[in-house]
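What follows is a single structure, written as structure tokens, with notes after it.
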Amino acid sequence: MRGPIPRPCPVCGERPVAHRSAKSCYNCRPRGTRTPPPCRACGSTTLYYTAGLCQRCHKYAPALPEDCPYCLAWGLFKTNGGVCPACRDWRSRNPGEDLCPGCGRLQSLNKTGLCRLCWRRARALARQDDFPDQPEAQLHGHQVFISDLEQHLALATPADRRPPPRRKPIRTRPRARPRLRPFSLATHRQTTLFDIARDLTRLRRFPDPPLPELSLALEALAFEHADAYGWAVNTISAVRRGLRLLLALQDTPGAPIKASDVHLLRQIGLPVGPTLELLRNAQALEDDHRPAIVLWFEDRVQGLPTAMRQELSVWFTIMRQGSTQPPRFVPRADRTTRNNLTYALPVLHEWARAHESLREITRDDVQRALAQNPARRIDVLQGLRAIFRVLKARKLVFADPTARIFSGSPPRTIPTPQRPADLREALNSTNLTRAATASLLIFHGLRPQQIRQIRLTDLRDGRLHLDQRVIPLAPQVSTRLTAYLNYRGERWPNSANPHVFINVSTAPETAEAHYKWVNKTLGITAQQLREDRILDEAHASAGDVRRICDLFGLTVGGALRYIDAFEHPDLSGPGAGA
């Protein structure tokens with residue numbers, strides 16, 4: 001059974017979904033029949049797993065703690081259908097069932113009148129002690145054995161344990177990889193009458209690409225890319241299948257492949273990131289994929305007047321892309337843009353009932369909106385101010401109605417120390433990745449973003465060269481980093497990712513790890529470990545602001561936040577903090 005690991009049922013979480021396009025398992029279906037079909041491999045009507053296969057026949061199903069029901073052999077493979085191959089052959093050569101005189105069970109008997117288990121026991125004892133081939137040989141019980149390993153019985157004589165005949169090794173020629181040939185893409189694009197969203201889960205077999213030469217050229221490029229970036233064999237195979245499928249589904253054969261079509265491969269479990277990177281390097285990608293935040297923005301402003309939507313679109317574009325036209329704007333993170341618009345949207349929808357454009361908004365309108373949202377007063381004003389500042393700079397509004405409105409300062413969080421037991425657990429973890437990242441945070445207080453951005457070339461001569469700073473690494477940090485780098489070289493020996501900390505998703509690529517992966521690996525947020533280190537330094541240096549700024553790259557205002565918490569009860573006294 002090929003394919004990805006089946007998705008778990010979202011209702012019960014115990015069994016997988018009934019099949020690839022199902023939303024739940026058979027037991028949790030809201031309507032329709034709940035009786036699973038028989039297994040299409042062995043015909044079993046019990047232990048249904050997914051994709052038409054039972055738990056014995058599916059590749060990713062957990063192993064069953066059962067043995068052969070006829071000879072009681074252990075270690076059955078799931079593909080045997082619950083019966084060992086020897087008993088299946090025995091029952092085909094000895095049809096019919098009767099009570100065995102040796103064990104008293106209803107079994108298939110041979111010409112001597114014994115079942116297979118009793119016959120094997122009698123044969124083994126007859127070889128050793130000259131027992132007759134009769135039911136008396138089973139008086140002292142049976143010797144249970146492992147399936148398909150009958151020749152290794154403990155009661156067999158040494159003469160019967162001959163080594164199997166040595167076979168000549170079969171020499172196989174390695175499969176030749178396709179040669180890289182130059183290819184050219186079509187310069188035209190066939191238009192369609194209407195676009196229909198494709199559902200790849202309905203495919204029963206992959207169609208052949210219309211241009212075999214282009215398919216071979218891209219597959220050859222995939223092999224070269226895999227050698228350079230250290231792809232696994234499964235990744236190479238999956239990318240090649242995805243390329244052939246994308247070429248077969250093109251409306252214009254030979255045209256650049258659209259990024260939106262590549263993202264459809266996620267429906268059938270094929271890799272999207274490596275395929276996009278390969279096509280981008282081959283200059284065979286048409287990047288028409290719209291970011292998720294753009295779709296989110298269009299959905300949120302759908303009910304606003306036309307003029308207001310156009311003004312917000314100008315603000316949204318400048319926030320994401322920045323502006324080199326005076327007054328200049330630096331691009332903001334998508335998270336900042338999303339937060340500002342989320343806080344301002346309820347007020348904008350309220351204003352849309354009486355106004356068509358943001359030019360009509362006055363200072364009194366802003367004051368009334370803030371009065372109606374006292375709990376979110378600071379957040380709402382921050383969101384509205386971010387919008388009107390950009391519109392005023394682009395002369396889309398006459399005046400900024402949020403100017404000179406004071407709503408108070410946001411509450412400042414107080415950094416708190418972590419328990420020493422938690423820090424020791426992270427440092428001494430058997431997970432080498434966790435121990436290395438925790439040591440950099442606990443001993444040197446790096447920023448969480450710096451942890452993800454560290455490159456292999458930044459570690460030189462026992463020092464970390466980062467952001468125009470040279471940090472001498474502590475011996476405890478060097479030891480853990482060396483252990484992690486050895487593990488990294490063994491796990492991903494051919495990875496071309498220049499970053500120090502990589503995982504299964506980023507090893508075949510060159511991107512840095514996600515911040516959620518860092519926090520999940522640590523078991524605690526990286527920012528908390530950094531704050532604990534800065535608090536410990538503030539206690540050790542008796543609140544030396546200059547020293548804190550130099551060690552951790554903080555501004556004076558940022559360092560004062562830790563100095564203000566210096567008199568915290570948990571930080572007073574010897575041994576406090578980390």
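The values are calculated or read from the model by the stated rules, or taken from the named source; none is laboratory data. As the structure is a computational prediction, the values presented were derived from the model and not from experiment. Here Cβ is always computed from backbone atoms with ideal geometry, including for glycine, and neighbour counts include all displayed protein chains. The protein model used for the area step is the full one, side chains on, heavy atoms only, and it has no ligands, DNA or RNA in it. Shrake-Rupley method; radii C 1.70, N 1.55, O 1.52, S 1.80 Å.
Amide H contacts for Leu464 (H built 1.01 Å from N in the peptide plane; partners 5 or more residues away or on another chain; cut-off under 5 Å): Ile471, Leu473. Sorting the segments 481-488, 553-560 by their residues' average number of neighbouring beta-carbon atoms within 10 angstrom, most packed first, yields 481-488, 553-560. Put simply, the amide H of Gly269, placed in the peptide plane, has no neighbours under 5 Å, leaving out anything fewer than 5 places away on its chain.
Under a model in which nothing but the beta-carbon of Lys, Arg (+1) and Asp, Glu (-1) is charged, the range 310-451 shows a dipole of about 320 debye around its Cα centre. Dipole size of the chain about its Cα centre, with +1 on Lys/Arg Cβ and -1 on Asp/Glu Cβ: approximately 1320 debye, rounded to the nearest 20.
Peptides 457-466, 343-352, ordered by how many other C-beta atoms sit within 10 Å of their residues on average, highest first, read 343-352, 457-466. Summing Cβ point charges (Lys, Arg +1; Asp, Glu -1) relative to the Cα centre of the range 178-255 gives a dipole of roughly 220 debye.
Taking one quarter of the surface of the C-alpha convex hull of the range 390-518 gives a mean projected area of 12.8 nm². Semi-axis lengths, largest first, of the ellipsoid equivalent to the range 384-466 are 44, 21, 10 Å, with √(5λ) applied to each eigenvalue of the Cα gyration tensor. Heavy-atom accessible area, probed at 1.4 angstrom with all protein chains present, ranks Tyr49, Tyr515 as Tyr515, Tyr49, highest first. Cross-link pairs exceeding 32 Å between alpha carbons, from the set Lys23/Lys520; Lys258/Lys395; Lys395/Lys516; Lys59/Lys111: Lys258/Lys395; Lys395/Lys516; Lys59/Lys111.
Across the range 256-263, coupling constants 3J(HN,Hα) worked out from phi with the 6.51/-1.76/1.60 Karplus curve, θ = phi - 60°, read x, 7, 6, 5, 5, 6, 5, 5 Hz, and Gly and Pro carry x. Of the listed values [x] -0.86, -0.97; [y] -1.09, -1.22; [z] -0.91, -1.16, grab the one calculated as log10 I(q)/I(0) by the Debye sum over Cα atoms at q = 0.09, 0.10 Å⁻¹ from the structure here. Matching the structure shown: [y]. Peptides 412-422, 260-270, ordered by how many other C-beta atoms sit within 10 Å of their residues on average, highest first, read 260-270, 412-422. Couplings 3J(HN,Hα) for the range 364-376, derived from phi with the Karplus relation 6.51 cos²θ - 1.76 cosθ + 1.60 (θ = phi - 60°), are 5, 4, 5, 4, 5, 5, 5, 5, 7, 10, x, 6, 10 Hz, where x marks Gly and Pro.
In the chain, a dipole from Cβ-located charges (positive for Lys and Arg, negative for Asp and Glu) runs towards its positive end, and of Gly445, Thr413, Ser44 it is Ser44 whose Cα lies farthest in that direction. Which loop chymotrypsin sites (Phe, Trp or Tyr not before Pro) in the range 361-417, with loop taken from DSSP, have no more than 16 other Cβ atoms within 10 angstrom of their Cβ? Here the sparse-neighbourhood loop sites are Phe398, Phe406. Surface composition of the range 450-578: carbon and sulfur atoms hold 51% of the protein heavy-atom accessible area at a 1.4 Å probe. Accessible surface area normalised per residue over the chain is 60 Å², counting heavy atoms of protein chains with a 1.4 Å rolling probe. The string of couplings for the range 208-217 from the Karplus curve (6.51, -1.76, 1.60, θ = phi - 60°) is 7, x, x, 10, x, 5, 5, 5, 5, 5 Hz, one whole number per residue in order, with x for Gly and Pro. For Arg455, the residues whose amide H sits under 5 Å from its own are Val500, ignoring neighbours fewer than 5 places away on the same chain, with H placed 1.01 Å from N. Pop out the carbon and sulfur fraction of the accessible area of the range 319-375 as a percent, whole number, probe 1.4 Å. Here carbon and sulfur together make up 47 percent of the probe-accessible area.
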